[in-house]
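The values are calculated or read from the model by the stated rules, or taken from the named source; none is laboratory data. For clarity, every value in this text was computed on a predicted model and none was experimentally measured. Virtual Cβ from ideal backbone geometry, glycine too; neighbours counted across all protein chains shown.
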Amino acid sequence: MGLTWKKEHLDTVLVPSGLLIMLGYHLFLLHRHLKLPHTTTMGHDNHYRGAWVEKMMQVESKDRSQALTVINTNISAAFNLSSISLVLSSLIGAWIGTSSDTTFTSKLIYGNTSTSVIAIKHISLLICFLVAFASFVQSARCYVHSNFLITMPNADIPMTLVQKAVVSGSNFWSVGMRAFYFATPLLLWVFGPIPMFVSSVVMVVVSYNLDWNSTPLLPFPPAEGRGREILKNISQEITAMIEHHGRP
């Protein structure tokens with residue numbers, strides 16, 4: 001006798017397929033980011049963050065208040081998102097502890113509604129939110145470290161150290177956001193495997209349009225000629241003032 005198709009089999013087919021689609025896309029994105037970073041949005045943003053650090057390090061440490069404002073804004077955002085992730089993790093934990101079979105889970109969901117599958121759904125969501133929490137905390141840590149480096153007076157801090165701290169904070173931020181992206185299909189899995197699979201495909205399509213960059217990178221060359229011209233004009237103005245006041 002052949003196997004009888006049951007709605008519980010949808011979870012076995014669609015859920016792994018959706019996860020493989022999202023995982024495969026992100027592995028391809030990671031490979032592209034490591035090999036051709038300028039073709040991805042992350043590499044594009046990291047290039048400009050590195051250029052921003054380079055320009056800010058050319059300013060005296062006492063005049064870097066603008067840089068501190070930008071970094072402190074990122075720190076606040078990272079802490080806010082880490083708090084949201086922790087709250088969501090707590091809610092999922094409470095949900096696991098109080099979940100039970102209801103009319104909604106047993107009749108309205110077209111898929112596997114067994115207790116073990118429901119527990120897997122909740123635990124998967126919990127893992128995503130915990131990864132997001134850890135990533136945002138690490139992002140804040142990197143930004144705080146760059147804050148210390150930028151404000152250090154009377155010290156020749158290598159620019160690459162500050163760039164590494166800022167770019168690392170940005171990368172951890174991206175990992176935290178990706179954990180949220182993964183949590184979205186898993187959250188829809190609560191309503192059945194079909195919404196989960198559809199949301200996985202939609203998420204990959206939307207992410208593809210957002211993750212690829214076709215804009216050429218700007219080189220941001222040092223403004224040496226402009227600086228010399230400004231100094232030359234200032235010198236000429238001072239000379240003219242001295243000659244003017246020196247006349248009888």
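The number of residues in region 38-65 that are farther than 30 Å from Met152 by Cα and modelled with pLDDT of 90 or more comes to 3.
Quick grid of which residues meet (1) crowded, with 18+ Cβ neighbours inside 10 Å; (2) among the charged types (D, E, K, R); (3) under 26 Å from Pro37 (Cβ atoms):
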{"position": "Leu130", "(1), (2), (3)": "no, no, no"}
{"position": "Gln138", "(1), (2), (3)": "yes, no, yes"}
{"position": "Asn147", "(1), (2), (3)": "yes, no, yes"}
{"position": "Thr151", "(1), (2), (3)": "no, no, no"}
{"position": "Ile157", "(1), (2), (3)": "no, no, yes"}
{"position": "Val162", "(1), (2), (3)": "yes, no, yes"}
{"position": "Phe172", "(1), (2), (3)": "yes, no, yes"}
{"position": "Val175", "(1), (2), (3)": "no, no, yes"}
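Cβ-Cβ contacts under 6 Å between residues 6 or more apart (or on different chains), taken from a first residue in region 32-56 that is more than 14 Å from Ser214 (Cβ to Cβ) and free of Cβ contacts under 8 Å to residues at least 24 places away in the same chain to a second residue that is in a helix (DSSP H, G or I) and of a type in the set (A, V, I, L, M), are listed as His33/Met42. Pairing residues of region 65-91 that are aromatic (Phe, Trp, Tyr) with residues that are assigned to a helix (DSSP H, G or I) and at pLDDT 90 or above, at Cβ distances under 6 Å and at least 6 apart in sequence or on separate chains, gives Phe79/Ala140. The residues in region 166-180 that are in contact with a helix residue (DSSP H, G or I) (Cβ under 6 Å, 6 or more places away or on another chain) and not small (Gly, Ala, Ser) can be counted, and the count is 6. Annotation note: of Ala119, Ala140, Ala134, the sole residue that is in contact with a helix residue (DSSP H, G or I) (Cβ under 9 Å, 6 or more places away or on another chain), assigned to a helix (DSSP H, G or I) and more than 25 Å from Leu81 (Cβ to Cβ) is Ala119.
The residues listed here are Leu86, Leu29, Leu68; of these, the one that is farther than 29 Å from His122 by Cα and either surrounded by 17 or more Cβ atoms within 10 Å (Cβ to Cβ) or touching a helix residue (DSSP H, G or I) at 6+ places or on another chain (Cβ under 9 Å) (or both) is Leu68.
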